[in-house]
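Student: The following block contains the structure, expressed as structure tokens.
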Amino acid sequence: MDWTRILTNVLGEMLAPTTAAYALAAVGLNIHFGLTGLLNMGQAGFMLLGAYGFAIATIAGWPIWGAVLVAIAASALFALLLGIPTLKLRGDYLAIVTIAAAEIVRLIGRSTALTSLTGASSGLRGDSYKTTFQNLSPFPTGTTTIGPFSYSNNFSNSWWIRLVGWAIVLIACLFVYLLIRSPWGRVLKGIREDEEAVRSLGKNVFAYKMQSLVLGGVIGAVAGIVYVMPRAVQPDSMGRPMTFFVWTILLLGGAATVFGPVLGSIVFWAGLMLIKSVMRDGVSDSFISSGQIEQLGWVIVGVTLMLLVIFRPQGVLGDKKELAINVR
Amino acid sequence: MRLAQVQDQTPRRWVRRLLAVALAAIALPTIWAGPATASTPGPCAADSTQGCLDGFLRSTEGQPLAGVVLKVTDPSGKMTSITSGADGSWSAPVPADGEYSVELDVSTLPPGQKIAQPDQNPLKTQARVGSTTSLLFSLGSGGVSTAPSGAASPSVVATSGTGTSGVSWERVAQQATSGLIFGLLLALASIGLSLIYGTTGLSNFAHGEQVTLGGILAYVFCQLVGLPLILSAIIAVLLAAASGWMQDAWIWHQLRKRRIGTTQQMIVTIGLSMALQYGFQFFFGGDKLRIVTTTPTIITVGPVTFTRTTLISVVIAIVALGAVSYFLLATRIGRATRAVSDSPALAAASGISVERIIRIVWTLGAGLAGLGGVLMGLYLNATNWDMGGAMLLLMFSAVTLGGLGAAFGALAGSLVIGLVVEMSSLVIPNDMRYAGALLILILVLLFRPQGILGRAERIG
């Protein structure tokens with residue numbers, strides 16, 4: 001077994017843009033679930049809307065800031081539409097509605113009726129929307145090697161997207177840190193603990209929940225943009241499993257904490273890569289095929305999620321007293 | 001534990017209505033714009049005289065592949081060669097209904113490109129006049145599925161009916177029949193979901209996998225072991241019911257004993273659903289599994305055609321649903337089940353063993369879901385690892401529409417959802433029909449969150 005290569009793979013996965021994107025999506029979900037107690041089961045829908053919004057606007061010739069604004073506006077509108085009917089209902093209604101709404105976004109996106117706009121199930125090619133982002137890069141064209149890692153400076157899976165992705169993650173973490181300590185954040189936590197108590201203090205619970213849903217959704221949309229930068233917009237790769245991975249990441253790292261989502265994402269992807277690499281090297285191909293190793297990885301993720309929720313719902317960093325998952 | 005709106009602020013109701021209309025206004029044009037703008041790659045356009053097969057060929061890097069030769073064989077065995085265009089698109093006319101086979105000529109692929117799953121080339125599909133069937137050949141490095149959803153395997157991605165063939169009474173009758181059949185089978189699957197919610201308050205996201213389990217077990221006993229279909233189906237349903245018993249005994253009973261709340265349990269069901277889904281894929285792969293391979297006998301009644309297997313399935317479904325109704329309404333255990341649904345605490349106080357009832361509900365619910373899976377696998381001609389997962393949200397729609405926790409509501413809701421799914425393909429592209437059912441789910445929650453048959457209750 002070639003441990004140097006395996007560890008290099010694992011380290012590479014820790015810094016990958018995908019890891020940053022999932023961390024960012026989990027930061028958004030943390031505002032929903034960790035701070036406010038909202039069961040958003042459609043985070044992938046926000047990410048997909050963000051990705052579509054950005055890509056379609058860029059293809060239509062919009063500058064990068066305009067395209068990002070389109071993504072943000074699309075996800076904010078989506079949050080409003082979802083929130084108005086459901087935020088007054090019990091928690092698991094929001095769960096069912098958000099999961100259904102995310103599926104609607106995916107089904108409409110992959111429908112052949114909108115091929116000219118969304119590219120149907122084959123999606124939108126990366127090259128068609130990456131240029132504006134790549135042109136912003138201050139780096140010269142070429143490839144840079146740092147230690148064992150060698151990536152292009154600007155194109156696709158580049159140093160540039162790594163830098164920008166993780167910078168956004170850090171900014172989002174700082175934002176959540178300030179939020180938790182603000183009076184606004186305290187009201188959100190109050191809603192999570194006891195909605196009726198907050199209402200009796202004269203706070204408009206519905207409005208606070210809505211602000212939280214929009215804010216977390218917008219962060220999800222930005223995560224969607226980061227996620228599609230090194231690849232293509234593929235509606236089927238951004239379905240229900242993606243939402244469930246974001247949940248696993250959040251619960252792994254610890255909900256209601258600042259760095260929980262980031263730690264969760266790093267541990268999740270690095271752990272998955274470690275398990276898969278070791279199996280690829282250690283298990284003979286005739287016994288388990290490489291496709292099966294991929295699926296075994298997801299089975300392990302599912303079992304991890306179950307065990308986490310049962311035995312350590314506060315995750316690695318969380319405080320068990322602070323987080324009772326039982327929202328109403 | 002009852003469903004309820006936390007608040008019913010009447011002045012705000014109009015805001016919700018307004019938004020519902022706005023939501024519908026956003027959704028409907030995009031849906032109805034479908035048939036008119038349905039862009040078919042290449043020159044072939046489906047109309048009342050012909051259908052189409054089409055697709056896009058893209059390299060692993062996502063670049064369009066031009067000049068790749070595909071050989072299309074029609075049901076009579078006639079072969080035509082077509083070449084993909086500059087944008088990677090290809091299309092072929094379908095002059096008559098039947099099974100078409102499309103083979104990608106791998107020697108015309110650019111160097112370095114190969115098919116991800118060579119055993120899926122040629123790709124066989126049922127094509128119909130008046131609709132476009134899209135096929136996806138994915139190129140990659142030997143069967144590694146990169147998308148977690150398993151979408152990387154070459155497969156029939158979509159069949160979209162184009163509006164050009166028009167809405168005729170024959171089609172309406174056919175779609176309505178299909179809708180009722182689909183609704184009945186959906187009801188078998190959803191009743192367990194509803195009963196489990198009613199007695200324990202748990203939204204079980206792993207219920208779809210119980211459906212898949214039924215279908216896959218029938219496949220295992222019928223195809224791999226070689227037993228006759230009826231026997232395989234009975235064994236599959238019994239094993240599915242046993243799996244429900246075991247699940248409750250080993251997981252959910254333990255969690256209730258540990259006083260783990262229903263929300264936490266719900267997230268556990270999500271983890272379980274993921275583990276089971278990919279577990280199925282691990283053992284049986286991502287392809288379709290046909291439970292029976294014989295050619296079905298077609299029965300024609302007026303404008304409507306269906307297979308003999310479907311007819312028998314419908315009879316079995318109706319008998320099973322009747323038996324469940326009898327059980328709930330006329331037996332002691334059935335009455336106890338309804339009592340637990342109304343109030344577990346009161347039921348326990350009047351001497352009903354709540355845990356025993358919940359165990360029975362899990363066993364019954366999983367068995368019915370298994371039966372639903374077997375029949376659905378026969379009706380859809382094949383089962384696969386995510387058949388139940390794809391149906392899960394339809395089941396939730398049906399159960400919510402009927403009223404969460406109300407068993408007969410699940411039946412009524414399933415029939416409505418079945419009809420909506422099949423009838424909506426008359427006006428919207430076929431690949432968006434599930435979206436219509438999910439839109440209903442959201443609209444029901446807007447206007448009548450207690451569902452058709454549920455009672456309106458308030459807490460707080």
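The values are calculated or read from the model by the stated rules, or taken from the named source; none is laboratory data. Small disclaimer: the values here were computed from a predicted structure and weren't measured. FYI the Cβ positions are ideal-geometry reconstructions off the backbone, even for glycines, and counts take in every protein chain you see.
Student: As an exercise: evaluate B:ARG258 against (1) among the charged types (D, E, K, R); (2) surrounded by fewer than 18 Cβ atoms within 10 Å (Cβ to Cβ); (3) within 24 Å of B:VAL292 (Cβ to Cβ) and give the number of the one condition it does not meet.
Tutor: B:ARG258 satisfies all of (1) among the charged types (D, E, K, R); (2) surrounded by fewer than 18 Cβ atoms within 10 Å (Cβ to Cβ); (3) within 24 Å of B:VAL292 (Cβ to Cβ) except (3).
Student: Among the candidates B:LEU276, B:LEU255, B:LEU272, which residue alone is farther than 27 Å from B:CYS222 by Cα, within 8 Å of chain A (Cβ to nearest Cβ) and of a type in the set (A, V, I, L, M, F, W, C)?
Tutor: Answer to the check: B:LEU255.
Student: Continuing with the same structure: Considering only residues that are more than 7 Å from chain B (Cβ to nearest Cβ) and farther than 30 Å from B:ALA398 by Cβ, look in the stretch A:87-122 and name the one that is surrounded by the most Cβ atoms within 10 Å (Cβ to Cβ).
Tutor: A:GLY119
Student: Moving on. For the stretch B:375-389, which positions are in a loop (DSSP other than H, G, I, E, B) and of a type in the set (Val, Ile, Thr)? Step through it out loud before you land on a result.
Tutor: The initial filter retains those residues of the stretch B:375-389 that are in a loop (DSSP other than H, G, I, E, B), namely B:380-382, B:384-386.
Correct list: empty.
Student: Inside the stretch A:106-122, can you point out the residues that are within 19 Å of B:LEU53 (Cα to Cα) and either touching a residue at least 60 places away in the same chain (Cβ under 8 Å) or assigned to a helix (DSSP H, G or I) (or both)?
Tutor: Looking only at the stretch A:106-122, we keep the residues that are within 19 Å of B:LEU53 (Cα to Cα), and these are A:110-116, A:119-122.
The answer is A:ARG110, A:THR112, A:ALA113, A:LEU114, A:THR115, A:SER116, A:GLY119, A:ALA120, A:SER121, A:SER122.
Student: Another question about this same structure. Please tell me if B:SER424 is closer than 26 Å to B:GLY201 by Cβ and not β-branched (Val, Ile, Thr).
Tutor: no
Student: Then there is this: Do you know which residues across the stretch A:214-225 are buried (at least 24 other Cβ atoms within 10 Å of the Cβ) and farther than 13 Å from A:ALA26 by Cα?
Tutor: Taking the stretch A:214-225 first, the residues buried (at least 24 other Cβ atoms within 10 Å of the Cβ) are A:216-217, A:219-225.
Correct list: A:ILE225 only.
Student: Moving on. Output the residues belonging to the stretch A:123-160 that are more than 14 Å from chain B (Cβ to nearest Cβ), touching a strand residue (DSSP E or B) at 6+ places or on another chain (Cβ under 9 Å) and either crowded, with 20+ Cβ neighbours inside 10 Å or at negative phi (or both).
Tutor: Scanning the stretch A:123-160 gives A:THR141, A:THR143, A:THR144, A:THR145, A:SER150, A:TYR151, A:ASN153, A:SER158, A:TRP159, A:TRP160.
Student: While we're here: How about the stretch B:342-359: which of its residues are aliphatic (A, V, I, L, M) and more than 19 Å from B:THR331 (Cβ to Cβ)?
Tutor: B:ALA345, B:LEU346, B:ALA348, B:ALA349 - these are the residues of the stretch B:342-359 that are aliphatic (A, V, I, L, M) and more than 19 Å from B:THR331 (Cβ to Cβ).
Student: Which residues, taken from the stretch B:285-317, are under 22 Å from the mean Cα position of the chain (by Cα), outside any loop (DSSP other than H, G, I, E, B), surrounded by 13 or more Cβ atoms within 10 Å (Cβ to Cβ) and not polar (S, T, N, Q)?
Tutor: B:LEU289, B:PHE306, B:LEU311, B:ILE312, B:VAL314, B:ILE316, B:ALA317
Student: Sticking with this structure for a sec: So, of the residues in the stretch B:69-95 that are assigned to a loop (DSSP other than H, G, I, E, B) and closer than 22 Å to A:THR112 by Cα, which turns out to be modelled with the highest pLDDT? Before you say what the answer is, go through the steps one by one.
Tutor: Here is the first cut: in the stretch B:69-95, the residues assigned to a loop (DSSP other than H, G, I, E, B) are B:74-78, B:84-88, B:95.
Those still in the list that are closer than 22 Å to A:THR112 by Cα too: B:84-88, B:95.
On the way: B:SER84: 76, B:GLY85: 69, B:ALA86: 64, B:ASP87: 65, B:GLY88: 71, B:PRO95: 71.
Looking at the filtered set, the residue picked out is B:SER84.
Student: Next question, about the same structure. Please give the number of the condition B:SER232 fails out of (1) within 24 Å of B:LYS288 (Cα to Cα); (2) in a helix (DSSP H, G or I); (3) within 14 Å of chain A (Cβ to nearest Cβ).
Tutor: Answer for B:SER232: the failing condition is (3).
Student: Now for a separate question. Looking only at the stretch B:258-269, count how many residues are at the interface with chain A (Cβ under 7 Å from one of its Cβ atoms) and either part of a helix (DSSP H, G or I) or modelled with pLDDT of 95 or more (or both).
Tutor: Number satisfying all stated conditions: 5.
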